[in-house]
1. Given 0.36 nm per residue, what is the gain on full extension from residue 71 to residue 164 after removing their alpha carbon distance, in nm?
2. Please give the contour-minus-distance gain from residue 283 to residue 298: 0.36 nm per residue of separation, less the Cα-Cα distance, rounded to one decimal in nm.
3. Taking θ = phi - 60°, what integer Hz values does the Karplus form 6.51 cos²θ - 1.76 cosθ + 1.60 yield along segment 143-154, in sequence order, with x for Gly and Pro?
4. Which whole-Hz ³J(HN,Hα) couplings does segment 239-256 yield from phi under the Karplus relation 6.51 cos²θ - 1.76 cosθ + 1.60, θ = phi - 60°, glycine and proline marked x?
5. Given axes a ≥ b ≥ c from the Cα gyration tensor, I'd like to know whether segment 158-213 is rounded (a/c under 1.5), prolate (a/b larger than b/c) or oblate.
6. Between residue 156 and residue 124, how high is the FRET efficiency from 1/(1 + (r/R0)^6) when r is the Cβ-Cβ distance and R₀ = 41 Å? Nearest 0.05.
7. If you take every residue apart from residue 80 with its C-beta less than 15 Å away from the C-beta of residue 80, what net charge results, scoring Lys and Arg +1 and Asp and Glu -1?
8. Give the peptides 82-94, 188-200 in descending order of average Cβ contacts within 10 Å, highest first.
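The values are calculated or read from the model by the stated rules, or taken from the named source; none is laboratory data. Just so it is clear, the model here is predicted, and its values are computed rather than measured. Cβ coordinates were reconstructed from backbone atoms using ideal geometry, including for glycine residues, and neighbour counts include every protein chain displayed. These area figures cover heavy atoms from the full protein model, side chains too; ligands, DNA and RNA do not enter into them. Shrake-Rupley method; radii C 1.70, N 1.55, O 1.52, S 1.80 Å.
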Amino acid sequence: MPQIDDHVYNYAKYCTPKFEKDLNITKNGGVFEDIEKRGVLDLWLEMQKEAIFDIEQEPLLENYYKDSILIQDCIESALSYHLSMKLGNSSLTSEGLYEVFMGVFIEDQELVFDVVDDLRAVKERDPACISYVHCFLNFKGFLACQAHRIAHRLWCKGRKILALVIQNRVCEVFAVDIHPGAKIGSGLLLDHATGVVIGETAVIGNNVSILHNVTLGGTGKMCGDRHPKIGDGVLIGAGTCVLGNVRIEDGAKVGAGSVVLMEVPARTTAVGNPARLIGGKENPIKLDKIPSLTMDHTSHMSDWSDYVI
C-alpha cells in the first residue's frame, strides 16, 4: 500500500465529504494519489503563503484574504465561497449558491483538477499575473471560466434553469457570456475576457488561449450543432469572430480581428476578414511551436503584410 502524506489525507477527507464512505478504496490510491500527483495540495498551500505575504504588504486586505483563502479548508471551498460572493444578490443568495457550488465539487471530484490547470495556465501565459492567489481572486476570465464549469455540470445533470441563471449572473458581473452547454477542456486562458461570447454547441480543447472580445458563435437561426470546434493548443486573438460549425484544428492560430467562416488546418495561421491562411491555402506556413503557450501574436507578419507605422 502506498504511503499517504497526512496533508494529502486531510485535504481529501475534509474537502471531499463523500470520500469517507470509500475510505478503504481511496486510501489505496484514488483521490489521494490524484491530489498528490497533480499538485492540488501544493498549489493550495502556495496560495495560502501568497495570501499571508499580501496581507503583510497591504494590511487593509486582511479580512478579504482571510475570508476568501485563509479560513477555507481547500481550494474547492475557497472557489465556491468567492464565486458565491461575486454572483450572489438580494434574491439569489450567496449562501444558496455556495451550497450549490460545493455540491457540484462533491459530486464531480475531477473538477478541481480543471481549476488547477486553469490557474497554472494563467500564471504561465499571462505576464500580468503576479501570483496564483492574485489570479484566483481578481482575474475575471479565470472566475468566469470556473463558474461556467460548474454551470456546465448542472446543465448536464438536467438542472438547466439554474445553469442558465448562473450564466446570466456571470455575464452581468464579468461581462463574459458562455452558454452552459458549451464544452471546455482544461488549461484555458481567457485573457482580459471582456466581451467573450461562446455558444451552446461550441467545443474548446485543452490548453487553449482566447483573448477579449472573441465570439464563437452561430451564423443564424439554425438549431442543432451550430458553433465552432476549437482544437488543443489554439490561440485566438482579440476581436476575432469564429462563426458556424467550423473547426480550428490543433495548434492553429487566428490573428486579432479576424472573421473565420471555414476550417483552419492544424499548425497554421489565419488572419483577416474574411480570414485567409498565411502562405496560401495550398502551402500554408506551418507553426513549429504551440501558439497558445507561446502567446505569440505577430510571428510571420512580414509574410503577409507590408504594414509600417
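1. Working: separation 93, 0.36 × 93 = 33.48 nm, distance 3.04 nm.
Residue separation times 0.36 nm, minus the Cα-Cα distance, leaves 30.4 nm.
2. Values: separation 15, 0.36 × 15 = 5.40 nm, distance 1.95 nm.
Going from the current span to full extension adds 3.5 nm.
3. Along segment 143-154, the couplings run 5, 4, 5, 5, 5, 5, 4, 5, 4, 5, 4, 5 Hz.
4. Residue by residue, segment 239-256 yields x, 7, 10, 10, 10, x, 7, 10, 10, 9, 6, 3, x, 8, 9, 10, x, 4 Hz.
5. Working: a/c = 2.30, a/b = 1.26, b/c = 1.83.
It comes out oblate by the Cα gyration axes.
6. Details: r = 29 Å, r/R0 = 0.71.
Given R0 = 41 Å and the Cβ-Cβ separation, E is 0.90.
7. Values: positive: 86, 149, 153, 169; negative: 67, 73, 76, 95, 99, 107, 108, 114.
Charge balance near residue 80 sits at -4.
8. Working: 82-94: 15.1, 188-200: 21.5.
Result, highest mean first: 188-200, 82-94.
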